[in-house]
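These notes concern the structure reproduced below.
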Amino acid sequence: MSDAARLFGQSLPPGKYFQGQEALRFARWFGEDRPAADLRPADIEAYVESFGANSPNAAERAECLKNFLAFAHKQKILPERMVSHVRLRRGLAKPRSNSAAEARPEVKLTPEGKAALERELQELKARRPHIAAELRAAR
C-alpha cells in the first residue's frame, strides 16, 4: 500500500503536497506492507471515521483520499473502484432553539377534521387487542 501512496505522491503537481501526505497517512493506517488488493470498503469507512467528521479539515482529507483511491484504481493497483466508500458522516444535529419551534407554520383544524381524527384513533385502539393476539400466535 505504501508503494501505491508514494507513486500517487510522485504523480502530483508541486502544489498538491497535502494529498500525497494524506495518501501516505492512509497507507500507514491500513498497513504499509499489506497489499492494496486486501483493501475492503469497511476499511475505508473506518479510516474516514478515524479522523472525525467534525474536524476542521475532514472534507479536505476525504477529498484527498478519494483522489488517491481513484488514482490507484486507474493504475490498476486496486481491482475495483473504492471512491464511493469515502463518506463523511454528518455531525450530531444541534439542538433547536425556541425560535425555531416558533417558526413552524400553524396547523388549523376544522371541527369536522378533529372528529374524523378522533374516530380514526378510536378504531385503531379497538384493533390493538386483535393485533396483539396475532403477534402472540405468530411467536
Give me the lysines in straight-line cross-link reach of K66: C-alpha distance below 30 Å, same-chain residues under 8 apart excluded.
-> K16, K74, K76, K94
Relative contact order (%) - the stretch 1-43, alpha-carbon pairs under 8 angstrom, separation at least six = 49
Quick one: length gained pulling E32 to N57 fully straight, 0.36 nm per residue minus the C-alpha distance?
-> 6.6 nm
How much of Y17 can a 1.4 Å solvent probe reach, expressed as accessible area in Å² and rounded to 10?
-> 150
Reported to the nearest 10 Å², H85 has, with a 1.4 Å probe, an accessible area equal to 40
Of the candidate values (i) 1.26; (ii) 1.07; (iii) 1.35, the one computed for Rg/Rh (Cα atoms, Kirkwood Rh) from this structure is (iii)
At a 1.4 Å probe radius, which order do L88, L24, L65, L135 fall into by accessible area, largest first?
-> L135, L88, L24, L65
Figure the gain on full extension for R40 and L124 (residue separation times 0.36 nm, minus the Cα-Cα span) and round it to one decimal in nm.
-> 25.5 nm
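Counting pairs of alpha carbon atoms under 8 Å apart in space and at least six apart in sequence, what relative contact order in percent does the chain give? Present the calculation step by step, with values, prior to reporting the outcome.
Numbers: 102 pairs, mean separation 29.4, N = 139.
Reported relative contact order: 21 percent.
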Per-residue accessible area for V107 at 1.4 Å probe radius, Å² rounded to 10?
-> 130
Computed label-point distance, nm, for sites V83 and A116 using a 7 Å Cα→Cβ extension | 5.0
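The values are calculated or read from the model by the stated rules, or taken from the named source; none is laboratory data. These numbers were taken from a predicted model, which means no experiment stands behind them. FYI the Cβ positions are ideal-geometry reconstructions off the backbone, even for glycines, and counts take in every protein chain you see. Quick note on the areas: whole protein, heavy atoms, side chains included, nothing else; ligands and nucleic acids left out. Shrake-Rupley method; radii C 1.70, N 1.55, O 1.52, S 1.80 Å.
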